[in-house]
Amino acid sequence: MSTSDLPDPALHSTSAPPAAGTPAVGAVGAMRNARAQLAELLGRTPESVSAISRDGTGWQVDVEVVELERIPDSTSVLAVYRVKLDADGLLLGYARSRRYTRGQVDRQ
């Protein structure tokens, strides 16, 4: 068995089970899981994670993905996907929440 076949210790804890309502994976594990599972579904490599938060039963992660590469790069089209994970870091669902060009700045 190669080292790539071994489970990632950052994704699963070997200590006592978490208290009720506490996610089994931490923030880093949730980010990794969200990126990996979304990439598998979309067939695109996520560029970054822009937000992560716990909700009642797991995690909500906002992942940015390049949807259309253009030249110059500042005109490429990106999307933010909101990924919902359960307490074990498994994907429950996702939805595209925003599309924008890379050079676009949000007005606050």
Can you name the number of the only condition in (1) surrounded by fewer than 17 Cβ atoms within 10 Å (Cβ to Cβ); (2) of a type in the set (D, E, K, R); (3) in contact with a Ser or Thr (Cβ under 7 Å, 6 or more places away or on another chain); (4) not in a loop (DSSP other than H, G, I, E, B) that residue 62 fails?
(1)
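Looking at segment 93-108 only, could you name the residues that are among the polar types (S, T, N, Q), closer than 20 Å to residue 67 by Cβ and either surrounded by fewer than 12 Cβ atoms within 10 Å (Cβ to Cβ) or in contact (Cβ under 8 Å) with a residue 12 or more places away in the chain (or both)?
Hits for segment 93-108 are 97, 101.
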Looking only at segment 26-48, how many residues end up being crowded, with 18+ Cβ neighbours inside 10 Å and in contact with a helix residue (DSSP H, G or I) (Cβ under 7 Å, 6 or more places away or on another chain)?
1
Taking residue 63 as the residue in question, decide whether it is in contact with a Pro (Cβ under 7 Å, 6 or more places away or on another chain) and either touching a residue at least 24 places away in the same chain (Cβ under 8 Å) or aromatic (Phe, Trp, Tyr) (or both).
yes
For segment 68-92, what are the residues that are part of a loop (DSSP other than H, G, I, E, B), buried (at least 18 other Cβ atoms within 10 Å of the Cβ) and at negative phi?
87
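FYI, it's all coordinate maths here, none of it is from the lab. Note that the structure is predicted; figures quoted are calculated from it, not measured. Backbone-built Cβ (ideal geometry, glycine too); neighbour counts: all protein chains shown.
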